[in-house]
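The values are calculated or read from the model by the stated rules, or taken from the named source; none is laboratory data. All values derive from a computational prediction rather than experimental measurement. A quick note on method: Cβ atoms are made from the backbone with ideal geometry, for glycine too, and the neighbour counts reach across all protein chains shown. To get the accessible areas, we keep the full protein, side chains included, count just its heavy atoms, and leave off ligands, DNA and RNA. Shrake-Rupley method; radii C 1.70, N 1.55, O 1.52, S 1.80 Å.
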Amino acid sequence: MFAKFNLDSIYSNKSDIIRVEKYIEEFQKKFETKHYTILRTPGRVNLIGEHIDYSNLPVFPAGIEKDIYIIFTPSDNNLITITSFGDKFPKETFQITRNLQPFSQGHWGNYVKAGIQTILDYFDSTGKGFQALIAGNIPAGSGLSSSSALVVASAGAYLTANKLDIDKLILAEKLAEGEKYVGTAGGGMDQTASIFAKKNHAIKIDFAPLNITPVPFPDQYDIIISHSLTVAEKSKGAKDAFNLRSMETKIATALLSQYFQTNYGADYSIQFIGDLKEDKFSEIRNNITPIIEKLFSDKKNLTIDEIQKQLNLDTQEKINLFFTLKNGSLFPYKEFSFKLEKRIKHIITEWERVENSVKALKEGDIKKFGQLMNESHESCKNNYEVSCNELDTLVDIERKNGAIGARLTGAGFGGSTVCIVFKEKTENFINNVINEYYRGYLKKTTNEITNFSEFIFKTKATQGTCLIDI
Ligand code: GLA
């Protein structure tokens, strides 16, 4: 079900091809076979549209040259054996049963199981296993979606090994759901981007219904990604912060829904802010800024008790609906203030910025595009509060050195920035950022980091999940 591409057509650098050849060699050595299939899934960089996919609002990412490979050969039985490139993790074998038992929390193999479990659920059956080497170069916790790429790649290998076919739009939706196996409440951007990314294009992703619109990325500019070196792993430290944002979004949405129903009638309830895309909300959409001002100006900081009162949560069941964490326990801090006004402002303005940036890119107005990226960062920082000092410093340095637009990308709380730079300035730009951020601000010496290009690099927009022809 996946198209085949040559390695040459994927990368701009020969070094990537050499890297993949090493993966193949290691697969052959570890599994002592010459028969294999190769599947590649890219990481993604989100150009704009942060933390709004779980409101079913559009986002605008691209596939990148950093990626995950799964090199595999089907087995005759129902066992899956996975190993990683290098000696970091030992080989693991598990049996395919209808409900896969997770490895211990934080184990990398859980992403593999998440992908496979999703397919087992979809087809409501079990199939045969495979032996696989998994390799890649997306730094974990860098905001470039290494985890979802692994989920997609694993599902892709299982589908291919079992000759199963599934509509890719459905696959993307199911895998977004399926990643909850590892306990994070994200939206559908990462899995969809990894599957549908398109060479030399950014893709606008609309949700509910899922729809992909590729937009060519102009050749004169480079996309540059820089890791702040603050690690934000969605399945680890950043998990609580991420889940808290999705909780705040849910509460703000419920308050809006209540307001619409009181003022316009029972038909006007919403479950996601994205429901406002429906025609019947057009008048509300046009007035959304004043509505938000009015409704949220006295809701800057609300405690759980106040929210319970405002939303008439008069039973424990209703309370659980809003305040249950992913691990099943209730949000424990009674005195905690939910900053609903700021959160909703981010969501609504970011939605508009995505629409405008897609338009700007289609029209070739890169200056406008960059300006919207900058505004998005400010909103992520001040309203959604998912930035950190390192990301803010990095973005400042990048803008000072000529980035047309610079912002944090992905979940935030660390991870990477993305910026757009005029191609001719790229080399200088990268050197300056190395000097001012990595050497200057972080005080990293060349002894500590021998190869800065692992952390700051340009990327072409690359192809989504595909098989590789060797
Ligand atoms: C993570 C999630 C995505 C999205 C981003 C923030 O990467 O997995 O679904 O919410 O954060 O935009």
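Structural remarks
- All of 397, 366 fail the test of being more than 16 Å from the ligand (Cβ to nearest atom) and either within 25 Å of residue 441 (Cβ to Cβ) or among the small types (Gly, Ala, Ser) (or both), apart from 397.
- Candidates 309, 318, 299, 277 - the one that is basic (Lys, Arg), crowded, with 18+ Cβ neighbours inside 10 Å and outside the structural domain of residue 146 (by TED's automatic domain parsing): 299
- In the stretch 171-203, the residues that are away from the ligand (no atom under 14 Å from the Cβ) and touching a residue at least 60 places away in the same chain (Cβ under 8 Å): 196, 197, 198, 199, 200, 201, 202, 203
- The residue list 33, 81, 41 contains one member that is among the polar types (S, T, N, Q), within 24 Å of the chain's Cα centre (by Cα) and in the same structural domain as residue 193 (by TED's automatic domain parsing), which is 41.
- Flag for residue 228 being polar (S, T, N, Q) and away from the ligand (no atom under 13 Å from the Cβ): yes
- Hits in the stretch 130-179 - residues which are out of contact with any Asp or Glu (no Cβ under 7 Å at 6 or more places or on another chain), surrounded by 24 or more Cβ atoms within 10 Å (Cβ to Cβ) and within 19 Å of residue 74 (Cα to Cα): 130, 132, 134, 150, 152, 153, 154, 155, 156, 157, 158
- When the stretch 139-196 is filtered for residues that are of a type in the set (Ser, Thr, Tyr), at pLDDT 95 or above and farther than 16 Å from residue 464 by Cβ, only 158 remains.
- Tally, over the stretch 402-459, of residues that are farther than 20 Å from residue 369 by Cα and either among the charged types (D, E, K, R) or within 16 Å of the ligand (Cβ to nearest atom) (or both): 12
- Within the stretch 398-443, the set of residues being part of a strand (DSSP E or B) and polar (S, T, N, Q) comprises 409, 416, 417.
- Which numbered condition residue 382 fails, given (1) at pLDDT below 95; (2) out of contact with any helix residue (DSSP H, G or I) (no Cβ under 7 Å at 6 or more places or on another chain); (3) under 23 Å from residue 296 (Cα atoms): (1)
- Any hit, the stretch 240-261, residues being within 16 Å of the ligand (Cβ to nearest atom) and part of a loop (DSSP other than H, G, I, E, B): no
- In the stretch 375-394, the residues that are away from the ligand (no atom under 16 Å from the Cβ) and buried (at least 19 other Cβ atoms within 10 Å of the Cβ): 390, 394
- The residue list 21, 50, 92, 32 contains one member that is of a type in the set (D, E, K, R) and within 16 Å of the ligand (Cβ to nearest atom), which is 50.
- Residue within the stretch 154-167 that is in contact (Cβ under 8 Å) with a residue 60 or more places away in the chain and either more than 17 Å from residue 120 (Cβ to Cβ) or within 16 Å of the ligand (Cβ to nearest atom) (or both) present: no
- Residue tally, condition within 16 Å of the ligand (Cβ to nearest atom), among the polar types (S, T, N, Q) and within 30 Å of residue 32 (Cβ to Cβ), over the stretch 119-146: 1
- Checked against the criterion of being surrounded by fewer than 20 Cβ atoms within 10 Å (Cβ to Cβ), under 30 Å from residue 219 (Cβ atoms), modelled with pLDDT of 95 or more and of a type in the set (Phe, Trp, Tyr), the stretch 411-434 contains one or more residues that satisfy it.
- Subset tally (residues that are part of a strand (DSSP E or B) and open to solvent by 10 Å² or more (accessible area, probe 1.4 Å)) for the stretch 45-83: 7
- Candidate set from the stretch 262-274 (those that are in a helix (DSSP H, G or I) and over 13 Å from residue 340 (Cβ atoms)); member that is least open to solvent (accessible area, probe 1.4 Å): 274
- Among the residues of the stretch 444-466, those identified as part of a loop (DSSP other than H, G, I, E, B) and within 19 Å of the chain's Cα centre (by Cα) are 455, 460, 461, 462, 463, 464, 465.
- Any hit, the stretch 59-81, residues being out of contact with any strand residue (DSSP E or B) (no Cβ under 7 Å at 6 or more places or on another chain) and under 26 Å from residue 123 (Cβ atoms): yes
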